[in-house]
């Protein structure tokens, strides 16, 4: 059975790149009837937090990515990892490195070890020149027995290369001369990443490792560990990176909330829509379709259809309307516009509760009205937040008037200060008060005054909703009802709040 895992570090919020990796693992497991497992790699004790762990779990739940079994915490297995490293030493596959810590360099200085190794290889530097590599076992045991500190390193062959066939990137090869003898344990006994990952994947029975392309270098090292432990090597599929618009790698430090999954949840994205848009970052569905349901994503997904070209997340940080990826925002609007109303209503309810706009009547005698109001307004909304912002006028008298809309549709025509209350008077006698009867009354009033109906329609929309655009004005009249429509048409807010130019 196929077994895949998502293994994030709980050192911050869930990055969309990590969320995409989780999604692809989940889709593959569901497609082939396998298992999707969750492991929290919490061995960085200084930076790992319970808050981050909960953020990861909540993010997966929001995306609808359910996992099998109990969560594995890597820190629980540290003793097993140390024992496995010691076993490799006993078997002669690893050795104790007694080099003083100072001579090994400052561990706090981040270096690209892979690049350094390649440079050393090009310069003819022998990575097997560590004086402790071939230290007789008796001498190594004696020094360790006296309490002399040591790291544990894997012995890498002097000749040969690491090779594997990546499902996405094809055949991969790296000469042993480019790989340093891999540190497995620090001198304080702390197991390092590559050792812990391999041992946990072995214990969890992982058959396929699906993760970011930036792990390709680690994969060569980890394959050597699988071989040292004498177990089958899993299949690997490395995913293209997700880049910022300037083609730089997405970064928590540089791009802040843009890369956080919780940002999209908290700003009103529909989970199904965001999951759909996330799947398109590096994967191409068949027949060029873009909007796919959960079941359709599972059916269509394949590792072979993942591209090698890095995906670009086209966000606009300086544009308040398009602060996120264009396609993600477009897709969210499409979902809001077309998803079954019964699925949308609970999400809108949750948003209104959060903004203290919910009334219990919407669950009781005004339930039908509320459903109609949501169905009417959703056609132009991009996120769930729009229901409490742009849609606020349908729910409360405490709503803003858009200044640009007021100046264009009301203040530009001074006579409207008299015409709108007169229109309100006409609407008071309309029976029954529907979209059709309100339209007939408005058009008759416009004809009687010699004004264009469009002038009254645009002005009426701004008075009732605070916006320049929106649903049909006559549908707005019906949803607002006679009392609110008449009251707002008589309001003097535009002239009180904004001075004519």
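Is it fair to say residue 373 is at pLDDT 95 or above, out of contact with any helix residue (DSSP H, G or I) (no Cβ under 9 Å at 6 or more places or on another chain) and either in a helix (DSSP H, G or I) or not assigned by TED's automatic domain parsing to the domain that holds residue 483 (or both)?
No; evaluated as a whole, the condition is false for this residue.
For the range 244-263, state whether one or more residues are out of contact with any strand residue (DSSP E or B) (no Cβ under 7 Å at 6 or more places or on another chain), in contact (Cβ under 8 Å) with a residue 60 or more places away in the chain and crowded, with 22+ Cβ neighbours inside 10 Å.
Among the residues of the range 244-263, at least one is out of contact with any strand residue (DSSP E or B) (no Cβ under 7 Å at 6 or more places or on another chain), in contact (Cβ under 8 Å) with a residue 60 or more places away in the chain and crowded, with 22+ Cβ neighbours inside 10 Å, which makes the answer yes.
Every residue in the range 332-360 that is farther than 17 Å from residue 376 by Cβ, without any contact (Cβ under 8 Å) to a residue 12 or more places away in the chain and not in a helix (DSSP H, G or I), please.
Passing the criteria: 356, 358.
Which of the helices (runs of 4 or more DSSP H) found entirely inside the range 430-501 contain at least 1 residues meeting this: on the phi > 0 side of the Ramachandran plot?
Filter on the range 430-501 gives 473-490.
Has the range 258-274 got any residue that is farther than 25 Å from residue 388 by Cβ, assigned by TED's automatic domain parsing to the domain that holds residue 331 and not in a helix (DSSP H, G or I)?
No, the range 258-274 contains no residue that is farther than 25 Å from residue 388 by Cβ, assigned by TED's automatic domain parsing to the domain that holds residue 331 and not in a helix (DSSP H, G or I).
For the range 429-441, indicate whether the set of residues that are closer than 25 Å to residue 497 by Cβ and either within 48 Å of the chain's Cα centre (by Cα) or surrounded by fewer than 21 Cβ atoms within 10 Å (Cβ to Cβ) (or both) is non-empty.
No, the range 429-441 contains no residue that is closer than 25 Å to residue 497 by Cβ and either within 48 Å of the chain's Cα centre (by Cα) or surrounded by fewer than 21 Cβ atoms within 10 Å (Cβ to Cβ) (or both).
Among the listed residues 157, 230, identify the single one that is in contact with a helix residue (DSSP H, G or I) (Cβ under 6 Å, 6 or more places away or on another chain), closer than 18 Å to residue 90 by Cα and free of Cβ contacts under 8 Å to residues at least 40 places away in the same chain.
157
May I ask you to list the residues in the range 271-305 that are surrounded by fewer than 21 Cβ atoms within 10 Å (Cβ to Cβ) and in contact with a strand residue (DSSP E or B) (Cβ under 7 Å, 6 or more places away or on another chain)?
303, 305
Just to confirm my filter: which strands (runs of 3 or more DSSP E) fall fully inside the range 136-183 and include at least 1 residues that are out of contact with any strand residue (DSSP E or B) (no Cβ under 7 Å at 6 or more places or on another chain) and surrounded by fewer than 17 Cβ atoms within 10 Å (Cβ to Cβ)?
170-175
Determine whether residue 473 is crowded, with 20+ Cβ neighbours inside 10 Å, touching a residue at least 40 places away in the same chain (Cβ under 8 Å) and assigned by TED's automatic domain parsing to the domain that holds residue 408.
Spelling it out, it is not the case that residue 473 is crowded, with 20+ Cβ neighbours inside 10 Å, touching a residue at least 40 places away in the same chain (Cβ under 8 Å) and assigned by TED's automatic domain parsing to the domain that holds residue 408.
Of the numbered conditions (1) closer than 30 Å to residue 24 by Cα; (2) modelled with pLDDT of 95 or more, residue 115 fails exactly one; give the number of that condition.
Unmet for residue 115, out of (1) closer than 30 Å to residue 24 by Cα; (2) modelled with pLDDT of 95 or more: (2).
Can you give me the number of residues within the range 202-218 that are crowded, with 22+ Cβ neighbours inside 10 Å and part of a helix (DSSP H, G or I)?
Residues flagged as crowded, with 22+ Cβ neighbours inside 10 Å and part of a helix (DSSP H, G or I) within the range 202-218 amount to 0.
Would you confirm whether any residue within the range 219-240 is part of a loop (DSSP other than H, G, I, E, B), modelled with pLDDT of 95 or more, touching a strand residue (DSSP E or B) at 6+ places or on another chain (Cβ under 9 Å) and within 18 Å of residue 15 (Cβ to Cβ)?
yes
If I ask for residues that are out of contact with any helix residue (DSSP H, G or I) (no Cβ under 8 Å at 6 or more places or on another chain), outside any loop (DSSP other than H, G, I, E, B) and under 18 Å from residue 206 (Cβ atoms), which ones from the range 25-70 would you list?
25, 26, 29, 32, 37 - these are the residues of the range 25-70 that are out of contact with any helix residue (DSSP H, G or I) (no Cβ under 8 Å at 6 or more places or on another chain), outside any loop (DSSP other than H, G, I, E, B) and under 18 Å from residue 206 (Cβ atoms).
Examine the range 200-216 for a residue that is without any contact (Cβ under 8 Å) to a residue 12 or more places away in the chain and either in the same structural domain as residue 17 (by TED's automatic domain parsing) or over 26 Å from the mean Cα position of the chain (by Cα) (or both), and state whether such a residue exists.
no
Being surrounded by fewer than 18 Cβ atoms within 10 Å (Cβ to Cβ) and outside the structural domain of residue 156 (by TED's automatic domain parsing) narrows it down to one of 86, 47, so name that one.
Step by step, each of 86, 47 is checked, and only 47 is surrounded by fewer than 18 Cβ atoms within 10 Å (Cβ to Cβ) and outside the structural domain of residue 156 (by TED's automatic domain parsing).
The values are calculated or read from the model by the stated rules, or taken from the named source; none is laboratory data. Because the structure is a prediction, the values reported are computed rather than measured. Ideal geometry is used to build each Cβ from the backbone, glycine not excepted, and the neighbour counts take in all protein chains shown.
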